[in-house]
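The values are calculated or read from the model by the stated rules, or taken from the named source; none is laboratory data. Not measured: the values here are computed from a predicted model. With ideal geometry, Cβ positions are generated from the backbone for all residues, glycine too; neighbour counts draw on all protein chains shown. Accessible surface is based on the protein model in full, side chains and every heavy atom, while ligands, DNA and RNA are left aside. Shrake-Rupley method; radii C 1.70, N 1.55, O 1.52, S 1.80 Å.
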Amino acid sequence: MTITTASFGVQRSPRTVVFGAGQRSLLGRHAAEYGRKALVCTDERLAASAEFTELINDLKDHGIGVSVWSDTAPELPASDIDACYNAMRYAGIEVVIGIGGGSCLDLGKALALLLSHGGPIDRYYGENAVPGPVLPIIAVPTTGGTGSEVTPVCVLSDSRRELKAGISSAYLVPSVAICDPELTYTCPPALTASAGADAVSHLVESFTAIQRPPTAVGEGRVFIGKNVISDSYARWGLGLLARALPEAFEHPDDRQARSDVMLAANAGGYALGVAGTAAAHALQYPLGALTHTAHGVGVGVLLPYVMRYNAPARVAEFAEIATIFGVPASDGGQAQALAGIEAVERLLDRIGIPPTLKELGLTEDQLSYVASMGLKSARLVDNNPRPLDTEALYAITRAAYAGDRSNPF
């Protein structure tokens, strides 16, 4: 039987995903199915919260011994992974629980990997370098952004390298994801914006990624490009964010908006987990290393310029984004595609994402470096729907530095 590209799709997902207000109360019950000694990875702010204390008590009430690691830093330095592993390698951990934003969830993934297969962490960089199953992972996100609770990806910062490093393997998909939007209620607007911009970029880049034939799965790729399943999640997530993200940013006490943003981030995780991301993420890696800005802010600044570069290759998709964002239909062609790009730009502007890389602290003499280093993220560059080289990445970066949204490509 021949499977056409148009009807081809893949989904990777946890064994169990629980979504809804108050559902964090199920953590202990689910964790008890996987082991009696848990490592909990979180950060200092969350560790001091009443909600975190409740979660730890719930684990203990279910007979689980708990070791807490609360020193996770933003953008997950490799040194944090090493320190946690050295402290926990002989602790008899049977299940790893990440509670927090993307860095906390990714630290949980990294520890589940190292406790199963040993270090150093850099032996697993890239795609499919994980040799087999890892300890069970339970992910409890506290932001609406990364979607890491359902993805096969762990991203970290390695000071020995010039770029962020990524580990991509289906073995890193958590066993359980517990998504409780109540845990996002205390997120300040800046964090809501950064995480939300990350979710927007995941959904847009997965929806407009390269489209590969079904043989991509047989080739062993983690990221196979856009497909009918990832597209369905992308459409759903973008529709949720178009309405809910501005509301969650401007009215932090809007519980329905908070819930919809977290649900959209989850959809973004499902979409990127098979389709992958592209040029905005490739350029953000060196950008983040230079400016030390939040990942979501960086990709949020870059995304409109990447969309404009990719527009000739994804007219239908960008036109559909316009429809999803409620833009009245025009001719369905180039004009409608441009309307889709502008709708995403308005959303990012409304939540306070800066319009230029200059505002992030990048200097003009660093533009060529960002472009050349971005090209080294081959997995992301190859996933872009329009071919990229150093010249193209430089043109995108220069436009983003200057704030030139006049379609300069």
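Of the candidates ASP382, ASP349, ASP404, ASP389, the single residue that is open to solvent by 30 Å² or more (accessible area, probe 1.4 Å) and either within 23 Å of TYR233 (Cβ to Cβ) or of a type in the set (Val, Ile, Thr) (or both) is ASP382.
Residue pairs whose Cβ atoms lie under 6 Å apart, sitting 6 or more positions apart in sequence or on different chains, and linking a residue in segment 363-379 that is closer than 16 Å to THR277 by Cβ to a partner that is surrounded by fewer than 18 Cβ atoms within 10 Å (Cβ to Cβ), are LEU375/THR390. Return a yes/no flag: does segment 235-256 have any residue that is among the charged types (D, E, K, R), surrounded by 20 or more Cβ atoms within 10 Å (Cβ to Cβ) and under 18 Å from GLY352 (Cβ atoms). No; the residues of segment 235-256 include none that is among the charged types (D, E, K, R), surrounded by 20 or more Cβ atoms within 10 Å (Cβ to Cβ) and under 18 Å from GLY352 (Cβ atoms). Working only within segment 377-409, note down all residues that are at pLDDT below 95, of a type in the set (S, T, N, Q) and out of contact with any strand residue (DSSP E or B) (no Cβ under 9 Å at 6 or more places or on another chain). Correct list: SER406, ASN407.
Screening SER67 with (1) open to solvent by less than 30 Å² (accessible area, probe 1.4 Å); (2) in a helix (DSSP H, G or I) gives one miss only, at (2). Here VAL10 passes the criteria (1) modelled with pLDDT of 95 or more; (2) surrounded by fewer than 19 Cβ atoms within 10 Å (Cβ to Cβ); (3) not hydroxyl-bearing (Ser, Thr, Tyr) except the one numbered (1). Applying the criterion of being aromatic (Phe, Trp, Tyr) and surrounded by fewer than 22 Cβ atoms within 10 Å (Cβ to Cβ) to the residues of segment 117-172, the residue that is nearest to GLN256 (Cα to Cα) is TYR171. Taken over segment 80-117, the criterion of being within 21 Å of the chain's Cα centre (by Cα) and of a type outside the set (A, V, I, L, M) is satisfied by ASP80, GLY98, GLY100, GLY101, GLY102, SER103, CYS104, ASP106, GLY108, LYS109. In summary, GLY268 fulfils each of the numbered conditions (1) open to solvent by 30 Å² or more (accessible area, probe 1.4 Å); (2) touching a His at 6+ places or on another chain (Cβ under 8 Å); (3) not polar (S, T, N, Q) with the single exception of condition (1).
Here is a yes/no grid of residues against (1) in contact with a helix residue (DSSP H, G or I) (Cβ under 7 Å, 6 or more places away or on another chain); (2) within 13 Å of ASN266 (Cβ to Cβ); (3) of a type in the set (A, V, I, L, M, F, W, C):
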| site | (1), (2), (3) |
| --- | --- |
| ASP106 | yes, no, no |
| ILE121 | yes, no, yes |
| GLY147 | yes, yes, no |
| CYS154 | yes, no, yes |
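Residues in segment 70-103 that are β-branched (Val, Ile, Thr) and either farther than 20 Å from ALA31 by Cα or surrounded by fewer than 16 Cβ atoms within 10 Å (Cβ to Cβ) (or both): THR72, ILE81. Across segment 294-331, the number of residues qualifying as farther than 20 Å from TRP236 by Cα and either among the hydrophobic types (A, V, I, L, M, F, W, C) or free of Cβ contacts under 8 Å to residues at least 24 places away in the same chain (or both) comes to 10.
Go over the candidates SER201, SER232 one by one and state the one that is open to solvent by 40 Å² or more (accessible area, probe 1.4 Å) and of a type outside the set (A, V, I, L, M). The match here is SER232.
Quick check on GLY300: is it under 21 Å from the mean Cα position of the chain (by Cα) and closer than 26 Å to THR192 by Cβ? So GLY300 fits the description; yes. Looking at ALA337, is it surrounded by 16 or more Cβ atoms within 10 Å (Cβ to Cβ) and either among the aliphatic types (A, V, I, L, M) or modelled with pLDDT under 95 (or both)? Answer is yes for this residue. Looking at segment 30-64, which of the residues that are farther than 19 Å from LEU113 by Cα and of a type in the set (Gly, Ala, Ser) is surrounded by the fewest Cβ atoms within 10 Å (Cβ to Cβ)? My answer is ALA50. Counting residues in segment 18-29 that are among the hydrophobic types (A, V, I, L, M, F, W, C) and farther than 16 Å from GLU182 by Cα gives zero. Can you find a residue in segment 91-114 that is farther than 16 Å from CYS41 by Cβ and of a type outside the set (A, V, I, L, M)? Looking for residues that are farther than 16 Å from CYS41 by Cβ and of a type outside the set (A, V, I, L, M), one finds at least one in segment 91-114, hence yes.
When we screen GLY239, GLY225 for residues that are more than 28 Å from SER169 (Cα to Cα) and not polar (S, T, N, Q), the only hit is GLY239.
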